[in-house]
Every structure is written in C-alpha cells, then in structure tokens.
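Single-structure report; data block below.
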Amino acid sequence: MEMKKYMSQNSVKKNYLLNLSYQILALLTPLVTAPYISRVLGAEAIGKYSYTYATITYFVILSAMGTATYAQREIAYRQNDVYKRSRIFWEVFLLRLLCTCISLAVLYCIVFNSADRNVYLAQSLYVISVIFDISWFFQGMEEFGKVVFRNTIVKLISVVLIFTLVKSEEDLILYIVILWGLTALGNLLIMPYLVKYVVLVPFRELNIFRNFKLILQLFIPQIAIQSYTVLDKIMLGIIVNSDAENGYYEQAEKIVRLSLTIITALGTVMLPRFAKVYAEGKNDEIKRYLYKSYRFIWLLACPMVIGLILISDGFVPWFFGEGYDKVIPLLRIFSLLILVIGISNVTGVQYLVATKRQVFYTISVFVGAFINIVLNSILIVKLQSFGAAIASIVAETSIAIMQLIYIRKEIEMKKVFASVWKYALCAFCMGGIMWGIGRNLSSSPFHTALLAGSGGGAYLLLLLLLRDEMVCEVLQKIKERVRKGN
C-alpha cells in the first residue's frame, strides 16, 4: 500500500525532466568530446568507429531481444504487485543474459579473421553492457532519479578519461573501451537499488519464455528500425567504400540525435503512464495525454528544425574543425527527422505499443525499412551520404503517416493538428530574426550561442504574445514555486 502511494506521487513532468537528463547524459560524452575527438581521431578513424558500431548494434539488439519495451510496459501494468513485477524482472534478466551469451559467441566467430578485429572486440563491450542494463525496470516503475544519478557519475568520468588518455588516431580502441567499458560499469552501479523493489522468486516459478511471442513482436520492429539508423552506415561503407563519408554522416546524425533526445525522452516517460492508464481502462485519460503529447512535439520540434538549419553554417566549422564542411548540408537534411520521429514516437511508442497494438507498429516500421533500403541502394550510389540522409527522411515520414492513418478513427485529427499553425508561424518568424542576425556573425562558440539564444528568446516571446496555453501553464507553475520559495 505504501509503495502504491509512493508511486502515485511520481508526476509526468518530473519524470520527463529526469528522463530528459538521463537521455542527454547518455549522449553527453560523444557531444562534449566531439570537437576534441574529431580533431584528434580525424574523419577516417571516426568513420571506422561508425562502421563497426553500426555492425555491433545488431548484436546489441539481439542481446536485448525487444525485452526493454516489453518489460517496461509489463512492469508498469503491475507497479503495485511486488511478486509479479519481481517475476517479470528475473525472467527478463535471465533471458537477456542467455541472448547476450549467444550474441557474443556469434559475433566473435564472425569477426575473428576481420582486419578490424581489435576494434570489434572493443566495441563488444557494448554488447556485454546489455546484461547489466536494468534501466527498463526503473522506467517501468516510473523511477528515473536513480538512473540519472548513475549516468551522471559515469559520463563525467568518461569525459575526463577521454580528454586525458585519447591523444591520436592510434587511440581509437582506447576511446571505444572508455565509452562502453564505463557504460557496463555504470549499469552495474544501479543494481544495488533493486533491493527496495524486487524480491527473490523461486527458480521453478520462472519461465524466461513466458511471453516470448510478445517479446518477438517488439523485437522485430527493432531490427527494422536499424535499417535506417544503422544499416545506412553499413551500406555507405560497402557502396561508397569511404570511411570519411561515414565520418561526415556520423557527426551530422550525432547532433540531430541529441536534439531528438529532448523529443523522444517524453516517449520513455509516457509509455509506462499510458500502459498504467490503459490497464485501468481510462480511455478518456489516454486521449487527453495523447493530445498533450502531440502538442508538445509541435511546440519543440518546429523551432528546433528551423534553428538547426540556420545555425549549422556557423556551428559546424568551430565545433568539428577543418575537413567537415559536408556535415553542414547533412545537418540541414537530418533536421527534419526531429519532427517526423517526434510524431511517430507519440503514435507508435507511446500509444500503439502501450495499448497492445504493436502488430501495426511493426508493420509500419517494416514498410519504412523497406522504403529506406530501396532508396539507399539507389541514392547512395549517386549522392553518397546525402542519399542515405534523404532515404532516412522519406522512410521516417512514411512511418509517421501510416501510423496516423491507422488511428484516425480513434482520435480527432483536428485536435492533433489544431496548434500546428501557431508553432509553425512562430518558428518561421523566429527563423527570419535568426537569419537577419546571423548574416553579421562569424563561426564561433559565442556567436552560435548568441544566434541560438536570440532565436529561442524570440520564439518564446511570440508564443507569449499569442497566449499559448502550454507555455503560460509552465510559467504559471514557475511563478507559484517562486512564491512558495519566498
């Protein structure tokens, strides 16, 4: 009963901010160290890292086997039943352990005679870290604070080690070991917190294949998703045969993925909340959350797309250094992902998966994967990394449209798109202001910050003038907290 009361105190806003911190910190090391690493390692070594990482990612997916989304949802359904959530935890943990052992065995057999064997062996630490990654359990419990604390410590240590130890192109393997070795260590550090939430369950009562069919349904779309997040890099390496092209692609995607973190962090928080409300049969509340999620996407994605397009000219040269000019147009193309992935994250992950309709989610993702592979094979030959980026945009857009069409009879589309005009108008006005200011600025950290800050300030001011409900609500809560503080 006490746990139930405790869990009810977790607010969506608090968990969103905590999970946003977690997601940002997960990308903190590659972002903070990117200017240094891009200069020390160079485009060729970064391209090699990107290519081997893309390959390793498939083995990471095989190790996780779609269990994270499944477990997060199932634990959310049973937050207040200690035995059932404990049984789910142990079954998922043991299944991940088995899958990781199989995955590692296959990986080592494949890369044993590879010219980049040592790089692959270092990257395999990422696969090993899957065993100890139990963040899915705390996400299902809507407990994000402990995960954030662990991640903060690990990422700060890794940043220090990278700046201290990685000095040249020959240190690529050391760089990878620092990244994934500390990730595995960080996953271990959170395990002691389980004592408060999980009890031992007799082994005879465990069945790691209890819901294997359901787990496979969630695993299959993960494979498909990799076709346009990872297979792009593999196809670039094979078709173009250039580590440098992969390096440009990697750097542009890295910046956009960080921006996407602000958007997709909401999905991780809302999935257990949607699942819990769905289990309680509160359909009206589900729709209320859904409309707010869409509005949140429009609010953030519109200015982020415009802003990223306009700061790329001044940002890339000082951030990545010389030799990365191709990242500028790639970044502009990739910026559109922020909007389309944001929409599909709400529809697919937050709504369809939470309400046990992952079959259509899987179908939409597979259609997108097919489109991506076909376009990659055509466009990469002619446009290299630009072709891969365009293929990703088209694939993600097709997924978002398919999912919206599927749920069109369940929700009011007018409510989904009701506020688009406002956020798009303010974003374009913001863009005009940024373009005017940016013409007189050079490529430097200060000028980039000035441009981004002026754009963000203009966007917020415009929304205040239009009396935007969501912005006014946030400001009202800030005022209330300040008053309480006084």
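Observations on the model:
- Accessible surface of the stretch 300-342, 1.4 Å probe, proportion on carbon and sulfur as whole %: 70 percent
- Estimated inter-spin distance, residue 449 and residue 464, nm [label 7 Å along Cα→Cβ]: 2.2 nm
- Annotation: residue 78 carries an accessible surface of approximately 70 Å², with a 1.4 Å probe and no ligand, DNA or RNA atoms counted.
- For the chain, adding -39500 (n - 2.57) for each run of n ≥ 4 DSSP H residues and dividing by the number of residues yields -26500 deg cm²/dmol at 222 nm.
- Pairs from the table (213/409; 213/287; 233/356; 287/409; 287/414; 167/254) lying more than 24 angstrom apart at Cα are 213/409; 213/287; 233/356.
- Length gained when the stretch residue 435-residue 472 is fully extended (0.36 nm per residue, less Cα-Cα span): 10.6 nm
- Dipole moment magnitude, nearest 20 debye, the chain about Cα centre, only Lys, Arg, Asp, Glu C-beta charged: 1880 debye
- Label zone at residue 214 (point 7 Å along Cα-to-Cβ), backbone N below 18 Å, the stretch 352-367: 352-362
- Classified by the C-alpha gyration tensor, the chain has a rounded form. Its axis ratio a/c, with a ≥ b ≥ c, is below 1.5.
- Spacing of the two label points (7 Å from each Cα toward its C-beta) at residue 284 and residue 194, in nm: 4.1 nm
- The residue among 302, 363, 379 whose Cα reaches farthest toward the positive pole of the charge dipole of the stretch 293-385, with charges on the beta-carbon of Lys, Arg, Asp and Glu, is 363.
- Cβ-based charge dipole, the chain, positive-most Cα from 200, 442, 51: 200
- Low-density loop cleavage sites - trypsin sites (Lys or Arg not before Pro) in the stretch 407-476, where at most 11 other Cβ are within 10 Å (DSSP): 408, 409, 439, 467
- With all protein chains in place and ligands, DNA and RNA left out, the 1.4 Å accessible area ranks 287, 382, 155 as 382, 287, 155, largest first.
- Residue 418 long-range amide H proximity, modeled H, under 5 Å: none
- Solvent-accessible area per residue, Å², over the stretch 38-190 with all protein chains present [probe radius 1.4 Å]: 36 Å²
- 3J(HN,Hα) from dihedral phi, the stretch 104-119, Karplus parametrisation 6.51/-1.76/1.60, rounded to Hz, x for glycine, proline: 5, 4, 5, 4, 5, 5, 6, 8, 4, 9, 6, 5, 9, 3, 5, 5
- Annotation note: chymotrypsin sites (Phe, Trp or Tyr not before Pro) in the stretch 71-132 located in DSSP loop regions with a Cβ neighbour count of at most 11 within 10 Å are 112.
- The chain: relative contact order as a whole-number percent, Cα under 8 Å and 6+ apart: 20 percent
- Here the extension length gained between residue 414 and residue 98 equals 109.1 nm, from 0.36 nm per residue of separation less the Cα-Cα distance.
- Cα-centred dipole magnitude for the stretch 157-258, charges only on beta-carbon of K, R (+1) and D, E (-1), debye, nearest 20: 740 debye
- Net dipole in debye of the stretch 355-459 [+1 Lys, Arg Cβ; -1 Asp, Glu Cβ; about Cα centre; nearest 20]: 260 debye
- Contact order for the stretch 337-397, expressed relative to its length and based on alpha carbon pairs under 8 Å spaced 6+ residues apart, stands at 36 percent.
- Taking Cβ atoms as reference points and 14 Å as the exclusive limit, the residues near residue 430 contribute a net charge of 0, counting Lys and Arg as +1 and Asp and Glu as -1.
- Projecting the Cα positions of 222, 190, 179 onto the charge dipole of the chain (unit charges on Cβ atoms of Lys, Arg, Asp and Glu, taken about the Cα centre) puts 190 furthest along the positive direction.
- Each residue, residue 425 and residue 206, gets one label point 7 Å from its Cα in the Cβ direction; the gap between the two is 5.9 nm.
- Of all accessible heavy-atom area on the stretch 89-183, the percent that carbon and sulfur account for (1.4 Å): 72 percent
The values are calculated or read from the model by the stated rules, or taken from the named source; none is laboratory data. Predicted, not measured: the structure shown is a model, and the values here were computed from it. For neighbour counting, all protein chains shown are included, and Cβ atoms are generated from backbone atoms with ideal geometry for every residue, glycine included. Protein only, heavy atoms only, side chains kept; ligands, DNA and RNA dropped before computing areas. Shrake-Rupley method; radii C 1.70, N 1.55, O 1.52, S 1.80 Å.
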